[in-house]
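Single-structure report; data block below.
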C-alpha cells in the first residue's frame, strides 16, 4: 500500500505545484516544487479528500507540532499512518 499512497501523494503535490509528477519523488523537499503556504493548504485538503482522513495541520504555524511534511515521502508516511489508524 505504501507505493500506491506515495504515487497518489505525488500526484496531488504535483498538481498543486504545477509540475509533472515524474519530476517529484519521495526525497523531494516541500520547498522544491515551490509549494507556498496556500498551495500546501490545498495539498492538505486534497490529501484529506483523497484518503478520507483528517490531517492535524495549522497553516498559521506549519512547522509546529504535527505530522512531518518536510518531504513528499514524509507526507506519504504521515498519510499512511492516518489511513492505517482510521482502518483500525
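Every number here is computed from the coordinates shown, using simple stated rules; none is lab data. Not measured: the values here are computed from a predicted model. Cβ coordinates were reconstructed from backbone atoms using ideal geometry, including for glycine residues, and neighbour counts include every protein chain displayed.
In terms of surrounding Cβ atoms within a 10 Å radius of their Cβ, 31, 42 rank from fewest to most as 31, 42. Ordering 55, 10, 75, 38 by the number of other Cβ atoms within 10 Å of each residue's own Cβ, fewest first, gives 38, 55, 10, 75.
When only Cα pairs below 8 angstrom with a gap of at least 6 residues are kept, the stretch 2-87 shows a relative contact order of 37 percent. Where only DSSP H runs of four or more residues are counted, the chain gives -17500 deg cm²/dmol as its mean residue ellipticity at 222 nm, each run worth -39500 (n - 2.57). Each residue in 48, 80 was given a count of other beta-carbon atoms within 10 angstrom of its own, and listing them fewest first yields 48, 80. Calculated from the structure at hand, volume of the Cα convex hull per residue in Å³ is found among [x] 80; [y] 96; [z] 129 as [x].
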